[in-house]
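These notes concern the structure reproduced below.
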Amino acid sequence: MSQTNDAYAVLRRSILDCEFAPDSPLVISSLKARFGLGWTPLREALPRLEAEQLVRFEPNKGYRVAPATIAGLKDLQVARTTVETTLLAQSIERGDDGWEAELVGAHHLLAHTTAPTAGAVTPESLAWESRHKGFHQALLAAADAPWLEQLARQTTDQLHRHHRFMLNGPDVIARLKGTSGKALRQTFARTLGLSHHTQLMDAAIARDVSAAVALLEEHVGFSLAVYEALWPEMENDHRQTI
């Protein structure tokens, strides 16, 4: 069972980090050679990933990484907004001085990290991802709703895959250099910049639930705006992958 858990963990992280592109095939012989894992652990791990909607099984074709689509991202954004705004409101209402200190500390770390740029995964971008996640976790940390917290973690994992692909997908650099490149770069800056996170922190510490929730809703919508700007041709065809 431990070998199956190892296979599951390795494959899951590779999919979430977009080491396997959305919709790419997962051939067990290739996975075995790449990770040095056995046939049985891999065969047992893939259905677990399918249950999490990270992979899909197609009869006569085998397993593939789940696609990234605008329709899927919209669904995830709705889920994140619904869950995290509830957790944020509760966190603000329950948070004490220690929670405020942890939030300010998380913001400080984020402020001293360079935001990622499109086209490459670097040590700096990995540090930003970790600290950005830490900031959002700190925002919600005072809530006491285990089921909602679990849903928030699942949604965050799925969105991480979409965000990683958004920054490093095959056409991103070319599209940023295109005719709408300036507007796209501005959208990226707004999405990844510190300013909106500072506003979120300030509203939370001021115990202004309505302002904080509105800011979080806006923040969640930023990544969708980037997707729609990068791939406008996909907006009206939910069947297609990005």
Positions within region 53-73 being under 17 Å from the mean Cα position of the chain (by Cα) and surrounded by 16 or more Cβ atoms within 10 Å (Cβ to Cβ), in sequence order | L54, V55, V65, A66, P67, A68, T69, I70, G72, L73
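Conditions tested, residue by residue: (1) of a type in the set (S, T, N, Q); (2) farther than 23 Å from S30 by Cα.
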| site | (1), (2) |
| --- | --- |
| L54 | no, no |
| R64 | no, no |
| A71 | no, yes |
| D75 | no, yes |
| A79 | no, yes |
| T85 | yes, yes |
| S91 | yes, yes |
| L126 | no, yes |
Would you check if there is a residue in region 98-109 being under 15 Å from the mean Cα position of the chain (by Cα) and either open to solvent by 80 Å² or more (accessible area, probe 1.4 Å) or at pLDDT below 90 (or both)?
-> no
Return yes or no: is A45 open to solvent by less than 60 Å² (accessible area, probe 1.4 Å), at pLDDT 95 or above, more than 23 Å from N168 (Cα to Cα) and not hydroxyl-bearing (S, T, Y)?
-> yes
Is there a residue being among the β-branched types (V, I, T), surrounded by fewer than 16 Cβ atoms within 10 Å (Cβ to Cβ) and under 22 Å from D157 (Cα atoms) anywhere in region 20-42?
-> no
Filter result (part of a helix (DSSP H, G or I), buried (at least 16 other Cβ atoms within 10 Å of the Cβ) and more than 14 Å from the chain's Cα centre (by Cα)) within region 83-97 | V83, T85, T86, L87, L88, A89, Q90, S91, I92
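The values are calculated or read from the model by the stated rules, or taken from the named source; none is laboratory data. This is a predicted model, so every value here is computed, not measured. We place every Cβ from the backbone using ideal geometry, glycine too, and count neighbours over all the protein chains shown. Keep in mind that these areas ignore ligands, DNA and RNA; they rest on the heavy atoms of the full protein, side chains included. Shrake-Rupley method; radii C 1.70, N 1.55, O 1.52, S 1.80 Å.
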